[in-house]
There are 2 protein chains.
Amino acid sequence: MSKKPLILVTNDDGMFAPGIKNLVNAAKELGELLVVAPDSPQSAKGHAVTMSVPLRLNKVDAFGPDVEAYECSGTPVDCVKLAKHVLLKDREVDLCISGINHGSNASVNIIYSGTVSAALEASLEGIPSIGFSLLDYSFEADFEASVHFAKIIISYVLENGLSDCKLLNVNIPKMPLDQIKGVKVCRQAEGRWVEDFTEGLDPRKQRYFWLTGNFIVDDNGPDTDIYALTNGYVSVVPSWHDLTRYPAIKSNAKLEEYVAKSNNH
Amino acid sequence: MSKKPLILVTNDDGMFAPGIKNLVNAAKELGELLVVAPDSPQSAKGHAVTMSVPLRLNKVDAFGPDVEAYECSGTPVDCVKLAKHVLLKDREVDLCISGINHGSNASVNIIYSGTVSAALEASLEGIPSIGFSLLDYSFEADFEASVHFAKIIISYVLENGLSDCKLLNVNIPKMPLDQIKGVKVCRQAEGRWVEDFTEGLDPRKQRYFWLTGNFIVDDNGPDTDIYALTNGYVSVVPSWHDLTRYPAIKSNAKLEEYVAKSNNH
């Protein structure tokens, strides 16, 4: 193993999105990079895994001769699995970074995010991981502040590791670098999508439905990621993979008795 | 609104999987059912959402004249969104049930599961939801015990609602009904997939990788879903959508200072 830390880089927007190029630039002096990214955009793919078809890996020259890079035909989660088990043959990875996503993954968007799901998958494999997202969907987004903070946060995790978690969900506000006040370690805000569908008829006169919607924040807590972002901070939510709602175990325990009474055997 | 509760039914194995037929049978006397299920198997699709292509809905006669049913061209999460906003035009839904999945969604499998993601999506829409999974992948699986317990658990939730959560992840052991001891309300066990890939050459001599793997349980806690299932109980994990690792907020707060020191502005 080389002395430089080994950093796995992935995303969900595909190899030629500006976000991953900027993430590579942020990280390339901090370790040896291996980039494995989807060969097509995979936004909102959540934690999807490909099982019913085989996957492909193609070596590409996307970041110059010093950065090994592969395109993968699968989802962001597939990229992490293939990188770890096929390309690295289970060699120890020091850090996985995913992004920089074009668009917010704050609040409940973490559930839908391919970017953070890739980082979550790496964390399940025991690799400390960070998902980075910039609150700007534009291809021409300004990544200066994102690169600045990504570099510092990556350095921190390489030097200190993570306490009590293996995954950070980092979101960067759409602001010039000199207006960002710093970083807040915080919790995921309550929020939800209010959906709508555009309806229409296709050229064969068949009805179709196309998803659209607005994101609503239901939570003004000053300890949330949305509050941090709205107030000019980079938000960092320490996250994990356990969806158990612990207080509800006790409060729903009467279900056990209800079933026992209903059972005739 | 009719007096019968309105129950939305979905799954990830598609409309013609035995699991959803059994779930419809379990629920049809308990309310008015609307079934919206994928038109192709969607296992391990996680919380994927379709945004880049339009979606289709086709009415089908899958469960006889008393049960309205639609096939959807998208993911399980898409099914829930289309049902709620297009078919039901935001009419209030009393319960969403998803499954019965062919195969376990206990432990960390909840993260990958299309079945539970559909229920989670409904819970984000404010609908009390239950994901049901049977620990048997076979098409010929015996659903007798699953139907028995699904009926009781659905009745419980319709009568009592859920406390402190809007989502139950229910797994049923692969056992005859008379050997199942009851229900345990419990937490998600720690576990992980140890991946492997089958490598090969396709007919055009191009290399492919096909996912395979074994599930490892790292957690022997008697309060876990895996423990309940192994010991002859149906497991019920009250779940939610918040991936924040709360104890890690405080323990990683020194990142805020580290960034402040690193910043030159």
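Values in this text are rule-based calculations from the coordinates and carry no lab data. Note that the structure is predicted; figures quoted are calculated from it, not measured. Methodologically, a virtual Cβ is constructed for each residue, glycine included, from the backbone with ideal geometry; neighbour enumeration extends over all protein chains shown.
Assorted remarks:
- The spacing between the range B:6-65 and the range B:197-265, judged by their C-alpha centroids, is 27 Å.
- In this calculation the C-beta distance from A:Glu68 to A:Phe215 is compared with R0 = 25 Å, giving a FRET efficiency of 0.10.
- Relative exposure of A:Leu162, A:Leu177, judged by other C-beta atoms within 10 Å (fewest first): A:Leu177, A:Leu162
- The range A:127-170 - charge dipole about Cα centre, Lys and Arg +1 at Cβ, Asp and Glu -1, debye rounded to 20: 240
- Within the shell of other residues whose beta carbon sits under 15 angstrom from the beta carbon of A:Met15, the net charge comes to -4, with Lys and Arg scored +1 and Asp and Glu -1.
- Pairs with C-alpha atoms separated by more than 19 Å, drawn from the list A:Lys151/B:Lys254; B:Lys45/B:Lys166; A:Lys59/A:Lys81, are B:Lys45/B:Lys166.
- Filtered trypsin sites (Lys or Arg not before Pro), the range A:141-235: DSSP coil and at most 13 other beta carbons within 10 Å: A:Arg204, A:Lys205
- Label positions at A:Glu29 and A:Val53, each projected 7 Å from the Cα along the C-beta direction, are separated by 4.2 nm.
- Charge context of A:Ala189, other residues only, Cβ under 11 angstrom, K/R +1, D/E -1: -4
- By the Stokes-Einstein formula, at 1.567 mPa s and 4 °C, the protein assembly as shown with its Kirkwood radius over alpha-carbon pairs has D equal to 55 µm²/s.
- Largest-first principal axis extents, alpha carbons of chain A, Å: 68, 56, 46
- For B:Lys254, the distances from its label point to the matching points in the remaining copies are 4.6 nm, ordered from shortest, with each point set 7 Å beyond Cα toward Cβ.
- Distances between copies at B:Gly200, taken between label points 7 Å from Cα along the C-beta direction, are 4.1 nm in increasing order.
- Modelled FRET efficiency - R0 56 Å, A:Lys261 with B:Ala260, Cβ distances, 0.05 increments: 0.45
- For B:Ile249, the shell of other residues with beta-carbons less than 13 Å away shows a net charge of 0, using +1 for Lys and Arg and -1 for Asp and Glu.
- Rel. contact order, % - alpha carbon contacts under 8 angstrom, at least six apart, chain B: 17
- Between A:Ser138 and A:Thr230, the distance separating the two model label sites (each 7 Å from Cα on the Cα→Cβ line) works out to 2.3 nm.
- Dipole in debye (nearest 20) - chain B, about Cα centre, beta carbon charges: Lys, Arg +1; Asp, Glu -1: 520
- Gyration tensor verdict on the range B:79-155 (Cα atoms; rounded if a/c is under 1.5, prolate if a/b is larger than b/c, oblate otherwise): prolate
- By the count of neighbouring beta-carbon atoms within 10 Å, fewest first, B:Val116, B:Val93 end up ordered B:Val93, B:Val116.
- Rounded to the nearest 20 debye, the dipole size of the range A:70-119 about its Cα centre is 60 debye, using +1 on the Cβ of Lys and Arg and -1 on the Cβ of Asp and Glu.
- Annotation: amide H-H contacts under 5 Å for A:Ala44 (H modelled 1.01 Å from N, sequence separation of 5 or more, or interchain): A:Gly114, A:Thr115.
- Taking amide H as placed 1.01 Å from N in the peptide plane, B:Leu167 has its amide H under 5 Å from the amide H of B:Ser129, B:Ser239, each at least 5 places away in sequence or on another chain.
- The helix-based estimate of mean residue ellipticity at 222 nm for chain B, built from -39,500 (n - 2.57) per DSSP H run of four or more residues and divided by its residue count, is -7000 deg cm²/dmol to the nearest 500.
- Label-to-label distance, nm, for residues given as B:Lys3 and B:Arg204 (7 Å Cα→Cβ offset): 6.3
- Sorted from nearest, the other copies put their B:Thr230 label points 4.6 nm away, the label point being 7 Å from Cα in the direction of Cβ.
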